[in-house]
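**Student:** Structure incoming, see below.
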Amino acid sequence: MQKYWRRGEPFVWLTGAALTLTLVMAAALIIVVMVNGLGVFWPTEVTQAKFQDGTRVMGEIIKREPLPSGEGDRIQFKTGNRDLYGLDFRWVDTAGIIELDHPVEAVVLEREEYGNFYGFLHEINAPDLDQPAGETLGEQLSAVRQSVEKRQQEIGQLEERVAGLSDRMQDLRLELQKLEFEGYPPESSAVKEVRQRQSLLREDFDTLVARHEDRRRELRQIQATFADVSGTLKTVAVADIVRAYYPNDMAWWEKAVFYLSKLKELFLGEPREANTEGGLFPAIFGTVMLIFLMSLFSFPLGVIAAIYLREYAKEGPIVRVVRIAVNNLAGIPSIVYGIFGLGFFIYGVGGSLDRLFFPERLPTPTFGTGGILWASLTLALLTVPVVIVATDEALGAIPKGVREGSLALGATKFQTLSRILVPMASPGIMTGLILAMARAAGEVAPLMITGVVKLAPALPLDGDFPFLHLDRKFMHLGFHIYDIGFQSPNVEAAKPMVFVTTLLLVLIVLIMSSVAIHLRNKMKKRYTYGTF
Amino acid sequence: MDQKLIKRIKRRDTLARWIITAGGFAIIFCVIFILLLIARVSFPLFADPEAHVVARFQPEGMAGENILASGVDEYLENAYVLTRGGELVFFALPSGSVVRRIELEPPGAGDTLEAAELHGDQVYTLLWSGGAVTVDRVAFASQFDEDGNRTIVPRVERQAELSALEDGEPVRALARVARDGTLTRISLTSDNRLLLDRVAVTQDIFGRESREEIRQAIDGGPDRISALTLDEAGDGLYAGTDNGVLLRWDLSDAREPQRLGRVPAFDDQRQITALTMVYGDISLAVGDEKGGLSTWFPVSDPSRGGEERLRLIHELTGHPTAVTRIIASRRDKSLISLDRSGIVHLDHMTSERHLIGLDEISPLRAVGFSTRGTGLVGIGEDAVMTVWALYNPHPEVSLKTLFGKVWYESYDQPVYAWQSSSSSDDFEPKLSLTPLIFGTLKGTFYAMLLAVPLALLGAIYTSQFARPRFRELIKPTVEVMAAIPTVVIGFLAALWFAPLLERNIVAFFLSLAFVPTSLILAIVLWQPLRRVRALQRIERGYEFISLLPVLILAVAVAFVLGPVFEGLLFGGDFTLWMFSEGGLRYDQRNSIVISFGLGFAVIPIIFTIAEDSLSNVPSSLRAASLAMGASRWQTVWRVILPSASPGIFAGVMIGLGRAIGETMIVLMATGNTAIMSLSPFNGMRPLSSNIAVEIPEAPVGGTLYRILFLSAVILFVMTFLLNTVAEVVRQRLRRKYGQF
């Protein structure tokens, strides 16, 4: 035993324990995210609780925990029906419950507003529809919903046309503003022409809006009445129902289909209910676009800087200072980059652009406010060091003999570089790029002050000229987590969505960095053998 | 060979060299540029205020001694003087031509002005020779003509008129019209009596007005009053005497004016020559015979049973001769003071900064402030009028207010405080960076407390003891851990870990004890087992796996026993017990949460760098040590660690830099309260999250905006130093072992 201690074996165990704890923490994080994120879309059974005094509560059971007093348990129900009860969640003592059961006919509605509805279908009221097909009320409801969906699509087309017209009107308004700014008098022909076009457009617009309104009103006439568990009736316009399902009456494969349809909504749908329901499409799109733009700026600069450091610069104090500077850039807090982006890009460059090119719109800023361009430039600065370090290492790993061989054959330095070194180092460079992209995907703090928003009205890339709108604000997965987890009015109801977003972001980042690390390790093996 | 081709190739080579060299220098340029730009935004905070003369002229036909007061509008386009004859003369600036003359209507025929007291926004209490008092306000209205050009039209409003006293001749009069229309007049008679007149107009619910007039003598005591001031509401009366005593009354009940204290202000009994309320009506500015300028406000005095007593709070830069007049700015807590020799000082109360001193060739007799503190006007002995434009963007900022303790109004003692905004207008932002720096350091400290041991010990095990197969798995795992977005860590720390910890705080402390104990227990139990041949493999790099069940068991036992212990020792609720027994508050988002959240983000960074430097120690050293008969731990402790220590040091430094600058985790999991408490159960507000929280609301170019940039500079400098030290050490290390 004494010898055992003298040899220091217990310390080896201590170091082992430290490693185990670290890995357990990492595993715990992944498990928590997985457990909470994966199950969100799986339909939970709806439970009905009957009490001694005859009242009933129905909803999804969220959790069960012992009472603070230590006697008995309490159950948290997600009762939904926010428009009826005011709250989504309710704690219930198990002591008062006579019976818990799962009524087969219980229906869950996902709605455009007020969150979920838990209850029973009571009747369908569709005045201008033929008697819907189907034996049961439930089948009738799905038939009605199908025809409503068809009409909604028509209305959607109308809406698109309205949006197109309103964009054109906005363009005309800006044109007019510009003409006025340039000093054209109101009676000049240019201004008159624009005004005429404006009035024509307005007529079109008004009729279209009126038609759209009519259609919508008609559609909203189609209603269905539901009863909650205590019998209170609630009439809902069928158009407001996003999804209706009977979780207690679903086979596992039906649940799987349901899960997939929710996933589809997640990836392709728009957010609803202050971002706590619906899809993440704008956020995913914003994140991808941001990373893409950032790569455009940061990769060339980073690769060139690394090539300079490794191939052109002479080893000496200057190169050492540059290396220190690069590593310093990597260590600067991201919020400082954000502040820099705000002070330099937005108020500096953006403000000047506005004064030069869009003076007629001032004081409304065009580029002088946060936008995807400034955010991606800020991120580019932040990720440049990652690219530099990776490229530098990749070039450094190439044996000297390769360079010397190429030069000895008469190639110029640039030829050696472009034909031999860069292709050989490309896996390493790729690693740097992917790591930079992963870093950019997870960085939120600098975005918060350079243009991310909780809900962007339009994507930065769309069908309107000039297609790419670099001045627009955007949504981002990371900010989405912060926003709905910390700034939404109903944090408890938002939690599932936060976990889903978290899971998605973690997966994206983990996959990207695993690929990068794998590439790097493979490359390391390729060049570390042999001695030149 | 084709000469052209070779030329082209050479040209390309040169071009590439240029481009690539330029790219390299762009990086250095970037680092310097970022620092310079951020610093440039924060520099104006410390710039010296400037005053430059906009206009100087001799008003026609006016003698200096005839002028009672003067003022200027905020655009510095019109200046005016008030003469003894009761006439306001407005001059256009900078020409000095007379634009308008307004005769004030005297209360009695042929009255001239005796004294004018400025208070509020260009409001004067005028004492006429007949003894009557009027309150008049000079207002500048902006008018726009068809072309959008602005002209400023001065006018005068009379707010109140009070007839002369029946008994006694006033030498000084103060009158205030409160917001509800209540009129208060204080008269100081030539025989040192103080008289209060109050006219209260109340309106009942039917809109009937009733008027109540009260006349009351105020007990002024034996001291001879030499200076007087009254707050805007007319409820707080302050007086200074010729033997250096400050007196204070509460007049809110006009029938019974209450004297709230008599404070001998100066030991040498010097005369108090000027009094004014600082903007916000809490502080009293006091000027004395010896040129001293100080501010006072009531502070509760525990030695007198909590009674509020005037105390000297700020001492501002003094004058060479007696202070004759103090005027408070209407924008902030700035004061201008005029002394007998005609020197003007502009000082800020809270920052105690002496902003501007003006000693003109001709001593000034009267001074005035523009409404928003943009300009200053002065009339000299020779009746020459001078108007200065003030460049004074951040008077409230000084090194002392940013980093030191400051005695803010309504506080019982000097404090470090960060409170940048509030709902009220006359609120003074409290912008001490000390609690924020403290928060940053506290969060970093707790994070490093967890991260450094775990990361370093883990790195030692991975690089030295683990089987190579595991090493190839562990390293990428930890690197992937580094890639987890901090927003995810912050979210989990705040919304998953913090509530969990709050429910199981006792279990957490138990596991702090159980984990080491179980480790020792496991080692002791291991002694007989390690003789079994089949289990000996474990000592060849499988230790960490075999420890997994032990550690999990220890934590599980702690969680099972936690509620039991809590019930037995702390009456079932630890946080409640802690509050009632120790007075310690438990925040849900506290330093323990930060320790884990921020620690989690820092571990992989320290781990990776430390592991790299440990594995890069030449294997010949290790082989030599083992060959000499040293055990594997002895080899690590005596040979490997000393060789790798610079790398490990660099790793810790870089981890430290990362923890200091991390934003999202601390933003989400600290609670963001700017308190300075060392307790692990409280949160904090670090510099980084403070920037993220406040910058969207900070007006561009304002004080807060610049201070946030300043805190970015502080963050930058902190991380810059840490990173540079780490990098220099690392480069040394690389050169040292490059030869092996």
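**Student:** Considering only the range A:267-369, give the helices (runs of 4 or more DSSP H) lying wholly within it that have at least 3 residues that are under 24 Å from residue B:704 (Cβ atoms) and either within 10 Å of another protein chain (Cβ to nearest Cβ) or of a type in the set (S, T, N, Q) (or both).
**Tutor:** The helices (runs of 4 or more DSSP H) meeting that bar are A:334-340.
**Student:** Please find, within the range A:53-71, the residue that is surrounded by the fewest Cβ atoms within 10 Å (Cβ to Cβ) out of those that are over 15 Å from residue A:228 (Cβ atoms) and touching a strand residue (DSSP E or B) at 6+ places or on another chain (Cβ under 6 Å).
**Tutor:** So, considering only residues that are over 15 Å from residue A:228 (Cβ atoms) and touching a strand residue (DSSP E or B) at 6+ places or on another chain (Cβ under 6 Å), the one surrounded by the fewest Cβ atoms within 10 Å (Cβ to Cβ) is A:63.
**Student:** Please enumerate the residues belonging to the range B:522-580 that are at pLDDT below 85, surrounded by fewer than 14 Cβ atoms within 10 Å (Cβ to Cβ), under 26 Å from residue B:510 (Cβ atoms) and more than 12 Å from chain A (Cβ to nearest Cβ).
**Tutor:** Within the range B:522-580, B:568, B:569, B:571, B:580 meet the criteria.
**Student:** Which condition from (1) in the same structural domain as residue B:723 (by TED's automatic domain parsing); (2) free of Cβ contacts under 8 Å to residues at least 12 places away in the same chain is the one that residue B:523 breaks?
**Tutor:** The failed condition is (1).
**Student:** Check whether at least one residue in the range A:477-488 is more than 8 Å from chain B (Cβ to nearest Cβ) and modelled with pLDDT under 85, and report yes or no.
**Tutor:** yes
**Student:** Name the residues in the range B:469-478 that are out of contact with any Phe, Trp or Tyr (no Cβ under 6 Å at 6 or more places or on another chain) and buried (at least 20 other Cβ atoms within 10 Å of the Cβ), would you? Walk me through how you get there before you give the answer.
**Tutor:** Within the range B:469-478, the first condition is being out of contact with any Phe, Trp or Tyr (no Cβ under 6 Å at 6 or more places or on another chain), and the residues that meet it are B:469-477.
Listed by number, the residues that qualify are B:474, B:475.
**Student:** While we're looking at this one, here's another question. Those residues that are surrounded by fewer than 21 Cβ atoms within 10 Å (Cβ to Cβ) and either under 23 Å from the mean Cα position of the chain (by Cα) or without any contact (Cβ under 8 Å) to a residue 40 or more places away in the chain (or both), I need them from the range B:317-341; list them, please.
**Tutor:** Hits for the range B:317-341 are B:317, B:318, B:320, B:321, B:330, B:331, B:340, B:341.
**Student:** Still on this model: State whether one or more residues within the range B:209-228 are assigned to a strand (DSSP E or B), under 36 Å from the mean Cα position of the chain (by Cα) and assigned by TED's automatic domain parsing to the domain that holds residue B:340.
**Tutor:** Yes, some residue in the range B:209-228 is assigned to a strand (DSSP E or B), under 36 Å from the mean Cα position of the chain (by Cα) and assigned by TED's automatic domain parsing to the domain that holds residue B:340.
**Student:** Could you tell me whether the range A:123-137 includes any residue that is buried (at least 16 other Cβ atoms within 10 Å of the Cβ) and among the polar types (S, T, N, Q)?
**Tutor:** No, the range A:123-137 has no match at all.
**Student:** Could you say which residue among B:700, B:639 is β-branched (Val, Ile, Thr), surrounded by fewer than 21 Cβ atoms within 10 Å (Cβ to Cβ), within 13 Å of chain A (Cβ to nearest Cβ) and not in a helix (DSSP H, G or I)?
**Tutor:** B:700 is the lone residue from the list that is β-branched (Val, Ile, Thr), surrounded by fewer than 21 Cβ atoms within 10 Å (Cβ to Cβ), within 13 Å of chain A (Cβ to nearest Cβ) and not in a helix (DSSP H, G or I).
**Student:** Evaluate the following for residue B:147: is it more than 30 Å from residue B:77 (Cβ to Cβ), at pLDDT below 85 and not in a strand (DSSP E or B)?
**Tutor:** On the way: more than 30 Å from residue B:77 (Cβ to Cβ): no; at pLDDT below 85: yes; not in a strand (DSSP E or B): yes.
Spelling it out, it is not the case that residue B:147 is more than 30 Å from residue B:77 (Cβ to Cβ), at pLDDT below 85 and not in a strand (DSSP E or B).
**Student:** Report, by residue number, each residue of the range B:174-193 that is of a type outside the set (Val, Ile, Thr) and either at pLDDT below 85 or not in a strand (DSSP E or B) (or both).
**Tutor:** Within the range B:174-193, B:178, B:179, B:180, B:181, B:190, B:191, B:192, B:193 meet the criteria.
**Student:** State all residues of the range A:387-421 that are touching a residue at least 12 places away in the same chain (Cβ under 8 Å) and β-branched (Val, Ile, Thr); if no residue qualifies, say none.
**Tutor:** Across the range A:387-421, the qualifying residues are A:387, A:388, A:389, A:391, A:398, A:402, A:416, A:420.
**Student:** Determine which member of the set A:244, A:313 is more than 30 Å from residue B:609 (Cβ to Cβ), modelled with pLDDT under 90 and touching a helix residue (DSSP H, G or I) at 6+ places or on another chain (Cβ under 9 Å).
**Tutor:** A:244
**Student:** Counting only residues that are more than 16 Å from residue A:24 (Cα to Cα) and touching a residue at least 60 places away in the same chain (Cβ under 8 Å), how many does the range B:496-520 have?
**Tutor:** The number of residues fulfilling the criteria is 6.
**Student:** Which of the following residues is of a type in the set (S, T, N, Q) and over 24 Å from residue A:310 (Cα atoms): A:391, A:412, A:416, A:364? Don't jump to the end; show me each part of the working.
**Tutor:** Details: A:391 fails: over 24 Å from residue A:310 (Cα atoms); A:412 fails: over 24 Å from residue A:310 (Cα atoms); A:416 fails: over 24 Å from residue A:310 (Cα atoms).
From the options A:391, A:412, A:416, A:364, the qualifying one is A:364.
**Student:** Against the condition of a type in the set (Val, Ile, Thr) and surrounded by fewer than 19 Cβ atoms within 10 Å (Cβ to Cβ), how does residue B:663 come out, does it pass?
**Tutor:** The answer is no for residue B:663.
**Student:** So for the range B:710-725 (the condition being over 16 Å from the mean Cα position of the chain (by Cα), assigned by TED's automatic domain parsing to the domain that holds residue B:490 and not in a helix (DSSP H, G or I)), does at least one residue qualify?
**Tutor:** Looking through the range B:710-725, none of the residues is over 16 Å from the mean Cα position of the chain (by Cα), assigned by TED's automatic domain parsing to the domain that holds residue B:490 and not in a helix (DSSP H, G or I).
**Student:** Only one of these is surrounded by fewer than 23 Cβ atoms within 10 Å (Cβ to Cβ) and within 8 Å of chain A (Cβ to nearest Cβ): B:466, B:483. Name it.
**Tutor:** Selected residue: B:483, the only one of B:466, B:483 that is surrounded by fewer than 23 Cβ atoms within 10 Å (Cβ to Cβ) and within 8 Å of chain A (Cβ to nearest Cβ).
**Student:** Scan the range B:74-105 residue by residue and report those that are outside any strand (DSSP E or B), touching a residue at least 24 places away in the same chain (Cβ under 8 Å) and farther than 28 Å from residue B:132 by Cα.
**Tutor:** Hits for the range B:74-105 are B:74, B:75, B:76, B:77, B:93, B:94, B:95, B:96.
**Student:** Is there any pair linking a residue in the range B:244-270 that is under 23 Å from residue B:197 (Cα atoms) and in the same structural domain as residue B:289 (by TED's automatic domain parsing) to one that is surrounded by fewer than 20 Cβ atoms within 10 Å (Cβ to Cβ) and among the basic types (Lys, Arg), with Cβ under 6 Å and at least six apart or on different chains, and which?
**Tutor:** Sorted first by the residue in the range B:244-270, then by its partner, the pairs are B:247/B:262; B:249/B:259; B:261/B:309.
**Student:** Additional query: Please state which one of B:332, B:253, B:301 is at pLDDT below 85 and in contact with a His (Cβ under 9 Å, 6 or more places away or on another chain). Before you say what the answer is, go through the steps one by one.
**Tutor:** Numbers: B:253 fails: in contact with a His (Cβ under 9 Å, 6 or more places away or on another chain); B:301 fails: in contact with a His (Cβ under 9 Å, 6 or more places away or on another chain).
That would be B:332, the only listed residue that is at pLDDT below 85 and in contact with a His (Cβ under 9 Å, 6 or more places away or on another chain).
**Student:** If you don't mind, there's one more thing I want to ask. Within the range B:489-541, track down each residue that is in a helix (DSSP H, G or I), over 53 Å from the mean Cα position of the chain (by Cα) and of a type outside the set (A, V, I, L, M, F, W, C).
**Tutor:** Result: B:527, B:528, B:533, B:536, B:537, B:539, B:540.
**Student:** Taking the options A:95, A:49, name whichever one is more than 11 Å from chain B (Cβ to nearest Cβ) and in a helix (DSSP H, G or I).
**Tutor:** After ruling out the rest, the residue left standing is A:95.
**Student:** Six or more apart or on different chains, Cβ under 6 Å: which pairs go from a residue in the range B:528-549 that's outside the structural domain of residue B:631 (by TED's automatic domain parsing) to one that's surrounded by 11 or more Cβ atoms within 10 Å (Cβ to Cβ) and part of a loop (DSSP other than H, G, I, E, B)? Could you list them?
**Tutor:** Close Cβ pairs (under 6 Å, with a partner that is surrounded by 11 or more Cβ atoms within 10 Å (Cβ to Cβ) and part of a loop (DSSP other than H, G, I, E, B)) amount to B:541/B:466; B:541/B:467.
The values are calculated or read from the model by the stated rules, or taken from the named source; none is laboratory data. Everything numeric in this text was worked out from a predicted model, so none of it was measured. A quick note on method: Cβ atoms are made from the backbone with ideal geometry, for glycine too, and the neighbour counts reach across all protein chains shown.
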